[in-house]
1. Of everything in segment 11-29, what is without any contact (Cβ under 8 Å) to a residue 12 or more places away in the chain and either surrounded by 12 or more Cβ atoms within 10 Å (Cβ to Cβ) or closer than 24 Å to residue 75 by Cβ (or both)? Give them in sequence order.
2. Just to check your reading of the model, which residue among 39, 34 is assigned to a helix (DSSP H, G or I), crowded, with 16+ Cβ neighbours inside 10 Å and in the same structural domain as residue 20 (by TED's automatic domain parsing)?
3. Say we look at segment 93-130 and pick out the residues that are touching a residue at least 24 places away in the same chain (Cβ under 8 Å) and more than 23 Å from residue 4 (Cα to Cα); which of these is surrounded by the fewest Cβ atoms within 10 Å (Cβ to Cβ)?
4. Give the number of residues within segment 46-65 that are surrounded by fewer than 18 Cβ atoms within 10 Å (Cβ to Cβ) and outside any helix (DSSP H, G or I).
5. Within segment 82-142, considering only strands (runs of 3 or more DSSP E) that don't extend past its boundaries, which have at least 2 residues that are farther than 13 Å from residue 52 by Cβ and in contact with a helix residue (DSSP H, G or I) (Cβ under 6 Å, 6 or more places away or on another chain)?
6. Out of 71, 37, report the one residue that is out of contact with any strand residue (DSSP E or B) (no Cβ under 7 Å at 6 or more places or on another chain) and at pLDDT 90 or above.
């Protein structure tokens, strides 16, 4: 299982190193570089996504309330695109971080020929790999 905070920490460390190296020559440029790396770290962290739950709990809740289940992982640009385009509606979905939940990773591999391709969205028990965010939003109202 991969660590979800590895990429954000690397962005912070690299940003600090680059800003520190540039600070002696151009403090203004360093003041721009560091926030850019902090923003990259935040975007690639699990903080941008709603609270993740386990695959079993997501299946149980999805069967009860009919909401789609999104399998995702930190650092995935397609997951980030889905999350950003859904806006506030993203909180209405059940999110499963496959790096934290081995059962969720196994479920994604089972429907993607052994690959951990995310985002994989389950709607009414059927998997949809990297669906259009507008389609996912429509499934919430259906």
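1. If the condition is that a residue be without any contact (Cβ under 8 Å) to a residue 12 or more places away in the chain and either surrounded by 12 or more Cβ atoms within 10 Å (Cβ to Cβ) or closer than 24 Å to residue 75 by Cβ (or both), then 13, 17, 20, 22, 23, 29 are the ones that fit.
2. 34
3. So, considering only residues that are touching a residue at least 24 places away in the same chain (Cβ under 8 Å) and more than 23 Å from residue 4 (Cα to Cα), the one surrounded by the fewest Cβ atoms within 10 Å (Cβ to Cβ) is 124.
4. Total satisfying the criteria: 3.
5. 120-123
6. None of the other options fit; the residue is 37.
The values are calculated or read from the model by the stated rules, or taken from the named source; none is laboratory data. Since we're looking at a predicted model, the values are computed, not measured. FYI the Cβ positions are ideal-geometry reconstructions off the backbone, even for glycines, and counts take in every protein chain you see.
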